[in-house]
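Report on the structure given below.
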Amino acid sequence: DAMVIQNPRYQVTQFGKPVTLSCSQTLNHNVMYWYQQKSSQAPKLLFHYYDKDFNNEADTPDNFQSRRPNTSFCFLDIRSPGLGDAAMYLCATSREAGRNNEQFFGPGTRLTVL
Amino acid sequence: AQKVTQAQTEISVVEKEDVTLDCVYETRDTTYYLFWYKQPPSGELVFLIRRNSFDEQNEISGRYSWNFQKSTSSFNFTITASQVVDSAVYFCALSFYNQGGKLIFGQGTELSVKP
């Protein structure tokens, strides 16, 4: 089945140790999003790619970077994770940006920072 | 301001009861889109419905129904004859044509359906 896949589902890292989260999609969608969701909170958009165009949210910390080497894959890099970065990270895709295109979400990666 | 408010943090019902989840939004734009997503304990957000601001028709899909009222800026979600499998966090969200599809989520309502 076409879907959004996130690996790993659970990631443990140490304070300050760089970590990379992975997202892949078989939907051939143009847009890929990364959301951060802290416990009992709503998801918050970090950034998105429209094809190869990167769009950063104004309040996304510099500690968070992203790469999209091709249509299918998108990576979230956290350069120096702090305790406050512990959260669920959700990847989503949509066919087009804007309008009323629904977003399809992956199962998320739960990040623990020790 | 662009904002979504889900005033009900937690709701608990007994199976077969009807339940309504409230969603109120704020925007000055005339073109916008409203969504409901379900997040079960597994964590994956599941799309339920979208509505654009020009379509105020209510919608029914099985046990689910949605009531969109622009006059009160509300987009409420009703589950009829609730089931244990409906237990999840439900998010209402707002997006706009010129913001790259960014979803602005409400804080979510955690629904617990007890047998």
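The values are calculated or read from the model by the stated rules, or taken from the named source; none is laboratory data. These figures come from a predicted structure and were not determined experimentally. Please note: Cβ atoms are built from the backbone with ideal geometry, for glycine as well, and neighbour counts cover all protein chains shown. Just so you know, the surface numbers come from the protein's heavy atoms only, side chains and all, with ligands and any DNA or RNA stripped out. Shrake-Rupley method; radii C 1.70, N 1.55, O 1.52, S 1.80 Å.
Considering (1) in contact with a Lys or Arg (Cβ under 9 Å, 6 or more places away or on another chain); (2) open to solvent by less than 80 Å² (accessible area, probe 1.4 Å), the lone condition that A:Ile5 does not fulfil carries the number (1).
The conditions of being acidic (Asp, Glu) and either under 14 Å from the mean Cα position of the chain (by Cα) or open to solvent by less than 40 Å² (accessible area, probe 1.4 Å) (or both) are met by A:Glu57.
In the range B:4-60, what residues are at pLDDT 95 or above, more than 16 Å from B:Gly106 (Cα to Cα) and not aliphatic (A, V, I, L, M)? Answer for the range B:4-60, where residues must be at pLDDT 95 or above, more than 16 Å from B:Gly106 (Cα to Cα) and not aliphatic (A, V, I, L, M): B:Ser12, B:Glu15, B:Lys16, B:Glu17, B:Asp18.
Here A:Asn28 fulfils each of the conditions (1) open to solvent by less than 30 Å² (accessible area, probe 1.4 Å); (2) over 15 Å from the mean Cα position of the chain (by Cα); (3) of a type outside the set (Gly, Ala, Ser) apart from (1).
Modelled with pLDDT under 95 and under 26 Å from A:Met3 (Cα atoms): is that true of B:Gly106 in this structure?
Against the criterion (modelled with pLDDT under 95 and under 26 Å from A:Met3 (Cα atoms)), B:Gly106 does not qualify.
Within the group A:Leu45, A:Leu90, A:Leu111, which residue is touching a helix residue (DSSP H, G or I) at 6+ places or on another chain (Cβ under 7 Å) and within 14 Å of chain B (Cβ to nearest Cβ)? From the options A:Leu45, A:Leu90, A:Leu111, the qualifying one is A:Leu111. Taken together, B:Ser82, B:Ser74, B:Ser87 contain a single residue that is out of contact with any helix residue (DSSP H, G or I) (no Cβ under 9 Å at 6 or more places or on another chain), modelled with pLDDT of 95 or more, more than 27 Å from A:Leu90 (Cα to Cα) and not acidic (Asp, Glu), which is B:Ser82. If you go through the range A:93-108 and pick out every residue that is open to solvent by less than 40 Å² (accessible area, probe 1.4 Å) and either more than 12 Å from every other protein chain (Cβ to nearest Cβ) or hydrophobic (A, V, I, L, M, F, W, C) (or both), you end up with 2. For the range B:68-115, a residue qualifies if it is open to solvent by 60 Å² or more (accessible area, probe 1.4 Å) and under 29 Å from A:Tyr33 (Cα atoms), and the qualifying residues are B:Lys70, B:Val85, B:Tyr97, B:Asn98, B:Gln107, B:Glu110. Checked against (1) at positive phi; (2) part of a strand (DSSP E or B), B:Lys16 meets all criteria but (2).
So which of A:Asp77, A:Asp85, A:Asp51, A:Asp62 is within 14 Å of chain B (Cβ to nearest Cβ) and either charged (D, E, K, R) or open to solvent by 10 Å² or more (accessible area, probe 1.4 Å) (or both)?
So the residue among A:Asp77, A:Asp85, A:Asp51, A:Asp62 that is within 14 Å of chain B (Cβ to nearest Cβ) and either charged (D, E, K, R) or open to solvent by 10 Å² or more (accessible area, probe 1.4 Å) (or both) is A:Asp51.
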